[in-house]
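The values are calculated or read from the model by the stated rules, or taken from the named source; none is laboratory data. Fair warning: this is a prediction, and the values are worked out from it, not measured in the lab. Protein only, heavy atoms only, side chains kept; ligands, DNA and RNA dropped before computing areas. Shrake-Rupley method; radii C 1.70, N 1.55, O 1.52, S 1.80 Å.
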Amino acid sequence: MKKASAIKNTFLSVAVSVALFSPMAYAHDTPVGEKVAPAVIVLTAFPPEWHAWTTQRAFHHQTLQVPGLLKPLICDRNHVCVTETGEGEINAAVTVTGLVKDKSLDVRKTIFIRSGIAGGVDSRTSALGSVYINNWVISWAFGHHYLSDRKKLAWSPPGCSDYASPKHCGEFTQDLYENLAYKINPSLLGPALKAAADVPLANSLEAKNLDKTFGISSSPKVMVGATITGDDFWIGKENQELAERIVYTYTHGAAKYTNTAMEDLGDVAALSRFGLADHYLSIRGISDIDVPPPGKTEEEIWKTGDLYASDLAERNAVLVTTAIIAQLLKGQK
């Protein structure tokens, strides 16, 4: 593992410049006592994802210091802000909770967008650098992971008494006791897909060579799928098959597993506690494939390192996220 109520907000349009300057060279802090209502907060996980936004001059306009955050919120003139949460579900949930509860922020109408890189399934149609706009966020860790009697990796869901509300056994989505599966708000997903439909994605020779190695498409594109969240790094066909089964089980066959990352469930689970789960989008660029290339074993990959196209994946994730932000804000004018 690698890396539906409509929202009726009035937002200003967003303009993003990609001129390269030292991060926050022109930023200024928010005056004490002034409450800020971000239109959008982009959540990044670790420095490469964070720097893809800090190098954009538009986000040098304003710096918001929020207690408990690893990095400040950096914002443009139209109240589109970016922060870095740290990797993993816990860091993501702590950061989002800090944002929601901070007294200097009003996030009741804020759209939260997780934007970053992810591991991808070895599908012939999913080139490295492709971007998934996720329609479901699913838990990897809940349930029981074990070795079967045949010494194969196996998984079974948690018992109903562990998660289900009375008389609702088998309903895994946004249940009262655990965080197993979240369906993305169609009122956000629809405009996001429309905005991304014509975004020209970048490509690279490095990615094309890796695509050839894996025998998959060499043309990145924007697609829809389910992301599965977990903090352990895994690789291999057996684990991929477990991920497919988990997604199928928790969504009753409504979603297809396509990518894996470490933060999204923490984001949306925290938002759900405050009634804001419908304000969330997950955008993931595919940086690597979660199975070894032909002729390699899982152990060989762990010893030599995985094969990545991280720069391309991050670049395309930013391109798609930027287009989605513009469309969402434009649609609410």
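List of remarks:
- Over region 177-333, the Kirkwood radius and the radius of gyration, each from Cα atoms, give a ratio Rg/Rh of 0.98.
- With contacts taken as Cα pairs under 8 Å at a separation of at least 6 residues, region 206-269 carries a relative contact order of 37 percent.
- In sequence order, calculated HN-Hα J values of region 56-61 (Karplus, 6.51, -1.76, 1.60; Hz; x Gly/Pro): 8, 4, 4, 8, 8, 5
- Percent of Cα pairs exceeding the 24 Å cut-off, where the set is the chain: 53
- Pairwise Cα distances in region 25-117 exceed 18 Å in 37 percent of cases.
- Where only DSSP H runs of four or more residues are counted, the chain gives -9000 deg cm²/dmol as its mean residue ellipticity at 222 nm, each run worth -39500 (n - 2.57).
- Protein heavy-atom surface of the chain, 1.4 angstrom probe: 54% of the accessible area is carbon and sulfur, with nucleic acids and ligands not counted.
- For the chain, share of DSSP beta bridges that run antiparallel, in % to the nearest 5: 35
- Surface per residue (accessible, 1.4 Å probe) for the chain, Å²: 45
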